[in-house]
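Student: Just passing along the structure, written as structure tokens.
The values are calculated or read from the model by the stated rules, or taken from the named source; none is laboratory data. None of these values were measured; they are calculated from a predicted model. Backbone-built Cβ (ideal geometry, glycine too); neighbour counts: all protein chains shown. Quick note on the areas: whole protein, heavy atoms, side chains included, nothing else; ligands and nucleic acids left out. Shrake-Rupley method; radii C 1.70, N 1.55, O 1.52, S 1.80 Å.
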Amino acid sequence: MNDSTAPRRQVSWSEWRFVALGAAAILFVTTLPYIYAYLLAPPDKQFMGIMLDVPDHAQYFSWMRELSQAPLAANKLTPEPNEPIFFNLLWWGLGRTGRLLGLNYEWNFQLLRIVGGILFLFVIYRMIAWFMDDIFQRRVAFILIALSSGFGWILIVMKYTLLKGELLFPSLVYIAEGNSFLGILGYPHFIAAALYIFIFYLVLRGQMHGKLGYAVSAGLLALFLGWQHAYDLILVWGVLGAYTLTSWIRDREAPVYLIQSLIIIVIVSFIPALYSVLLTSMDPLWKEVLAQFVNADINTPNPIGLVVLLGLIFLLAIYTSLRQNPLKLASWDNRKLFINTWFWTNFLLVYIPVNFQIHLINGWQVPIGILATQGAFDYVIPWLTSVFDRIHITPKKFDTRTIVACILILVVLPTNIYLWAWRFVDLARHDYPYYLSKEDLNALLWLENNIQAEDVVLSSITLGQYIPVMTGGHAFLAHWAQTLDYFEKERIVQTFFASTTSEAWRQEILHQYSVDYIYYGSVEQEIGSFVSEEKVDYLRPVLDGSEVTVYRVIVDNEG
């Protein structure tokens, strides 16, 4: 069924103003915790610019640093020597931009947060407008996609009532994929990656006009995004492939335009996917990095967990799709066919057996929000109207629409309100890992000015995660996936700083991993009383402060 005769789905200037105001409000609200963290930092501490998930963000910032100086990056989050063979367009671009404008990684991150957030919010409204003609419904869908979260608030209530401070299934509260607000708050690279949804808009527009130029543009955008998040190509190819198949089934003839478009997009965007596969299958180091994704112990939740994670709009999207009756596929136009195909194909793809399956939830909130809004207006409001008729209440239709929309929005907000408010509580502690002491910063600056790019620094993971980005050297322990043999190195660090460990064992470790420097600060001191100058002759203190001592490892040929 071709809907090329359908009216163009334009967006008025008043609608764009609504989106602009919404984007400004969301960015303002999500910026407040950063302002709070910077302004209220104690005199002896510095906020490091990261709101959530320090290990992953420090990893990205390390890539940003490396790629600002060279076209390819080595993995500095592990002590093993390795060649610079990693490339990521997002962090390369931010690194180069920061170098050009004189911005450090913190302000580059804010640049990504603002630009990525604005682009994403405008793109989702453009997508919403393609599937909805009513402006009020478009605005409700926009708010739901931009702000909604799941039933994690129930787990939070249980934490503070029945479970005495224990949070059950914390990942069902904190997973950022599929949560637009949380992404804009602390994971803007997810939001930037979710711009892949604009590829779908280009294909649908091209299908309506019958012009393959849109497919070429979609392929180029897929190529651009693939160099940043190659796994999003699974969603692009998978959803478009499924849409081509369902169109074929519906029309009982080959959808020539869609087949041609899919071929163009795959061919144009194939290279970054191939690069990622070769990188993680042929290079031993990156192969192990990919294998260690299991260390995070975060996979796509089971369907019950998905309900908790994605909440009411997920349930309403399922209900809406089933009410639209897939058995009547032949009567569906392209809009209905695509949005349902996208929703169910994404549902299947989030469970494919790969270590990064959780990332495939990213962007799914868009079809979920659109279907949920359609269901609210097509089924819930008419049902309520019939109930009101039976009990002889006759509210105006507009009033019913507004009431239902407000209730829906209020029901899906609580988890994100908690996540946002808790940032202030967490940051008010002014503690690791979000803050470092001024002495830590001075020690890291000393390392940056004195070590070589291939030097290895041994420390706790708390400081180790900052060593690559702050010094340019290799960290012994820094990241649950990027540090090879992570759990063994975690054990080694605990043993190394313990007071009962023999000097012979320590020397063996230093030699085995070619460690050049030891960082011994307040966090490491909490692990154990590691060493004193009188006790060993294989270490030389090169920086000795009240809180932090940096030791140079003396090798056999040094005096």
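Student: What percentage of the solvent-accessible surface of the range 417-559, computed with a 1.4 Å probe over protein heavy atoms, is contributed by carbon and sulfur atoms? Working shown, then result.
Tutor: Details: 2970 of 6170 Å².
Whole-percent figure for carbon plus sulfur exposure: 48.
Student: Charges at C-beta only: +1 for Lys and Arg, -1 for Asp and Glu. How large is the resulting dipole of the range 429-547 about its Cα centre, in Debye rounded to 20?
Tutor: That gives the range 429-547 a dipole magnitude of about 220 debye.
Student: Per residue, how much accessible area does the range 150-232 show when a 1.4 Å probe rolls over the protein heavy atoms, in square angstrom?
Tutor: Here the residues of the range 150-232 average 36 Å² of exposed surface.
Student: Roughly how big is the range 1-150's charge dipole about its Cα centre, with Cβ charges of +1 (Lys, Arg) and -1 (Asp, Glu), in debye to the nearest 20?
Tutor: Around 440 debye, computed over the range 1-150.
Student: Round to a whole number: what % of the accessible area of the range 134-180 belongs to carbon and sulfur, probe 1.4 Å?
Tutor: On the way: 1450 of 2060 Å².
The computed percentage sits at 70.
Student: How big is D for the range 13-162, in µm² s⁻¹ as a whole number, if Stokes-Einstein is applied with the Kirkwood radius of its Cα pairs at 4 °C and 1.567 mPa s?
Tutor: Diffusion coefficient, whole number: 70 µm²/s.
Student: Work out how much length R429 to L101 would gain on full extension: take 0.36 nm times their residue separation and subtract the Cα-Cα distance, in nm to one decimal.
Tutor: 114.8 nm
Student: Beyond a 23 Å Cα-Cα separation, which of these cross-linked pairs lie in this structure: K287/K489; K159/K489; K211/K336; K164/K489? List each step's numbers first, then the result.
Tutor: Working: K287/K489 18 Å; K159/K489 33 Å; K211/K336 21 Å; K164/K489 34 Å.
From K287/K489; K159/K489; K211/K336; K164/K489, over 23 Å: K159/K489; K164/K489.
Student: With every atom except the alpha carbons ignored, what do you get for Rg and Dmax of the range 470-515, in angstroms?
Tutor: Spelled out, the Cα radius of gyration and Dmax of the range 470-515 are 11.3, 32 Å.
Student: Report in % the part of the accessible area of the range 243-383 that belongs to carbon and sulfur, leaving out ligands and nucleic acids; probe 1.4 Å.
Tutor: Numbers: 4360 of 6220 Å².
Taking all protein chains in place, the range 243-383 shows 70 percent carbon and sulfur surface.
Student: Let me ask something else. How big is the range 67-142 on each of its three principal axes, counting only the C-alpha atoms and giving the largest first in Å?
Tutor: Answer, in whole Å and largest first: 58, 26, 18 Å.
Student: A further question follows. Can you tell me the dipole magnitude for the range 156-258 around its Cα centre, using point charges on the Cβ only (Lys, Arg +1; Asp, Glu -1), in Debye to the nearest 20?
Tutor: 140
Student: Looking at the square roots a ≥ b ≥ c of the eigenvalues of the Cα gyration tensor of the range 341-455, which shape do they give, rounded for a/c under 1.5, prolate if a/b is larger than b/c, or oblate?
Tutor: Oblate.
Student: When DSSP assigns beta bridges and you keep just the ones with both residues in the chain, what percent turn out antiparallel, to the nearest 5?
Tutor: 75
Student: Let's test the formula: R0 of 56 Å, r as the Cβ-Cβ distance of I85 and V404. What FRET efficiency results, to the nearest 0.05?
Tutor: With a Förster radius of 56 Å, E is 0.55.
Student: Work from the charge dipole of the chain (Cβ charges, +1 for Lys and Arg, -1 for Asp and Glu, about the Cα centre) and give the residue of V11, L52, H189 farthest towards its positive end.
Tutor: The listed residue farthest towards the positive side: V11.
Student: Quick one: which of 301-307, 113-119 comes out on top by average Cβ neighbours within 10 Å, and what's the full order, highest first? Spell out each step's value before the answer.
Tutor: On the way: 301-307: 14.9, 113-119: 19.0.
Highest-to-lowest ranking by the protection proxy: 113-119, 301-307.
Student: As I understand it, the dipole of the chain uses +1 on the Cβ of Lys and Arg and -1 on the Cβ of Asp and Glu, about the Cα centre. Which of A41, N179, I263 lies farthest toward its positive end?
Tutor: I263
Student: How large is the accessible surface per residue of the range 461-559, computed with a 1.4 Å probe and reported in Å² as a whole number?
Tutor: Working: 4290 Å² over 99 residues.
Spelled out: the 1.4 Å probe surface of the range 461-559, per residue, equals 43 Å².
Student: I'd like to know which of V456, L419, V548 lies farthest towards the positive end of the charge dipole of the range 411-559, counting +1 on Cβ of Lys and Arg and -1 on Cβ of Asp and Glu.
Tutor: L419
Student: Roughly what would the spin-label model give for D44 and T161, points 7 Å off Cα along C-beta, in nm?
Tutor: 4.2
Student: In µm²/s, what is D for the chain at 37 °C and 0.692 mPa s, where D = kT/(6 pi eta Rh) by Stokes-Einstein and Rh is the Kirkwood radius from Cα pairs?
Tutor: Using the Kirkwood radius from Cα pairs, D works out to 128 µm²/s.
Student: What distance in nm lies between label points placed 7 Å from Cα along the C-beta direction at W422 and V354?
Tutor: With each label point 7 Å from Cα toward Cβ, the separation is 2.9 nm.
Student: At 27 angstrom or more along the helix axis (alpha-carbon based) and mean Kyte-Doolittle of 0.0 or higher, what helices does the chain contain? Whole DSSP H runs only. Please report the intermediate quantities before stating the final value.
Tutor: On the way: long enough: 13-39 (37 Å, 1.09); 105-131 (38 Å, 1.18); 232-251 (28 Å, 0.84); 256-282 (37 Å, 2.14).
Span-like helices here: 13-39, 105-131, 232-251, 256-282.
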